[in-house]
Amino acid sequence: MTTETVERKLTRADLMRAFWRYVFLFQCGWNYERMQSVGYAYSILPILKKLHPDPEEFKEAFLTNLNFFNTNPVVGAPLIIGAHIALEEAGAALETTEGLKVGLMGPMAGVGDTLVWALYNSVIFSIGASMALGGSVLGPILVILLVFFPYLAVRYWQFTWAYQQGSNLVASLGGGLIARVTEFATMVGLVVVGGFAPSIVRMAIAWKPAITTTVQGQAATTTIDIQQQLDAILPFMLPVLITALAYWLLRRGWSPVAVLGVLFVIGFIGGAIGLLG
Amino acid sequence: MTIVYAIVLAALAYYAWYDILGPNFTLAFRPLISGFFAGLIIGDVQMGLLIGGTLELMALGVYTYGGATIPEYSVGAILGTYFGKSQGFEVGLALAIPAALLLTQLDVLNRFLNFVFVHRADAYAEAGDSRGFDRMMVVFSHMIWGFTRAIPVFLAVAFGEPAVTAVTTFFNNNAWINQGISVVGGILPALGFAMLLKIMPIQKYPAFLLLGFVMYAYLKMPLVGIAIAAVAITLVFQQIKYRTAEG
């Protein structure tokens, strides 16, 4: 058993630079298409630049890190960025780091949203709001204090912890195992995407045609719930179909902007005439 | 004086959204906090506490899960506090709630329009231009967010209550605009997933994608459960695949 450790190429200043970039701009530029992707790329960019001196390699790493990304920004994102930096420093392939991101972002979104928003925030804000309604300025001030320090601490701790753990993990792996880890990460990622995509993409038929039939001289009106029929055939059928359409167009060489245009037209017209909802 | 309030309150609305996007220092996008800040600015902290506290209790636990649009309570709290000071708490609250609901349309539009940043980013990456990308992020990436909140606040304060009522009525009478935009908001993530799938080895391992779908769509498993199952399935797969190698 060798006790070799990963060669450190990054300094503490490099790490802190990525951390503060994450803190100040992580969700800026959030959009429906790739969600937190630009903020993620912005956070990790100095690391990529330092570890990929070759311009072509840097370009590829930059582009790859602009892929779709979304997780909880407070509990989740710093952990993933920290672990990613460790893998990147150890010279992991782009598929490995993408697998790590994709595999962790969905589950961490669930954990983070529940812990930070549903639990912690609901508690502190219900206390703060009650105090405010009682006329006390301490209500909002207390909430601000309970946000400012704990949020910063929990983000810093996740980031550094994940970086340390990531390095240890990589240090304990031999060269042949890297391929296996990559395969592991991409497979877990594929399963998670299979569940994550239908949970995010929303598309349903809102149109419920009413059909009037005459039965034994009596006029009877029935409404047909098309969406319910579709659900009976395959749940999330429309989200699956629209994602498949986008995937197919991309594979045929369409640019993302062209596909975006197609999706916009389908959605806007469908929504405006009341077919989709 | 009205114009000064209009500018400062608009800046508060901008800050409130910048804060939740990035630093999370004060969570000023919550009505309790933005109402409090608005009260400090206009010199009526009690009104800010009342409007903010009331809206906060209505909004407890309401967050933008997965990027969903929620009522724009921060703008509601700012406008409610401002109009509440001159016309009383009841009028302020009665104005805050429709304003919060109306502005959800701008939120959807905002999250859609932000696609420009991701496409600019692709171009910067292609050119290997990290400086240009940094500039875009620092200077521009929060502008659509900020201005979609700041401009309505500025206009509402500058033009007063009749303007707010007129705009609300227009959108209520033309519901198709909102319907169209909200459907677009639901569909667009399909493109992001399609791009992700394009770089993943989906053709080599299609079964894994299907398993994830079945667990979510039929078994209604939460994503954490799906991830744990994914780890288990992959472990088994790898143990079988590498069994000979391990002897």
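Laboratory data are not the source of any read-out in this text; all were calculated from the coordinates shown. Quick caveat, the model's predicted, so the values are computed rather than measured. All Cβ positions, even for glycine, are placed from backbone atoms using ideal geometry, and neighbour counts span all protein chains on display.
Within a 10 angstrom radius of each residue's Cβ in A:61-69, how many Cβ atoms of other chains show up on average? Whole number is fine.
5
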Inset, instruction - Find out how many positive minus negative residues lie around B:Ile187, taking Lys and Arg as positive, Asp and Glu as negative, among other residues whose Cβ is under 13 Å from that of B:Ile187. - result: +1
Inset, instruction - Quick one: pull the percentage of alpha-carbon pairs in the range A:188-270 with a separation above 21 Å. - result: 48 percent
Legend entry - Within 10 Å of each Cβ in B:100-112, the average number of Cβ atoms from other chains: 1
Legend entry - Farthest toward positive dipole pole in the range A:50-163 [+1 Lys/Arg, -1 Asp/Glu at C-beta], among A:Thr96, A:Thr71, A:Leu119: A:Leu119
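Which value results when the Cα radius of gyration for chain A is divided by 2.2 N^0.38 Å?
Dividing the Cα Rg of chain A by 2.2 N^0.38 Å gives 1.29.
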Inset, instruction - Evaluate the distance, in nm, between pseudo-label points positioned 7 Å from the Cα of B:Lys220 and of A:Leu152 along their respective Cα→Cβ axes. - result: 4.3 nm
Legend entry - FRET efficiency, 1/(1 + (r/R0)^6) with R0 22 Å, evaluated for A:Arg251 and B:Phe237 via beta carbons: 0.30
Legend entry - Computed Kirkwood radius, in angstrom, where 1/r is averaged over Cα pairs of chain B: 21.0 Å
Inset, instruction - Name the longest site-free stretch of chain B, where the excluded sites are trypsin sites (Lys or Arg not before Pro) in a DSSP loop with no more than 12 other beta-carbon atoms within 10 Å. - result: B:1-203
Inset, instruction - Name the lysines eligible as straight-distance cross-link partners of B:Lys220: C-alpha to C-alpha under 30 Å, and not fewer than 8 places from it in the same chain. - result: A:Lys101, A:Lys208, B:Lys198, B:Lys204, B:Lys241
Inset, instruction - Work out the length of the dipole vector of the protein assembly as shown about its Cα centre, built from +1 on the beta-carbon of each Lys and Arg and -1 on the beta-carbon of each Asp and Glu, and round it to the nearest 20 debye. - result: 340 debye
Inset, instruction - Please label the shape of the protein assembly as shown as rounded, prolate or oblate, based on the square roots a ≥ b ≥ c of the eigenvalues of the alpha-carbon gyration tensor (a/c under 1.5 means rounded; beyond that, a/b larger than b/c means prolate, else oblate). - result: oblate
Inset, instruction - Which order do the peptides B:52-60, A:267-275 take when ranked by the mean count of other beta-carbon atoms within 10 Å per residue, highest first? - result: B:52-60, A:267-275
Legend entry - Tail fraction, Cα-Cα pairs, the range A:1-99, threshold 21 Å, whole percent: 30 percent
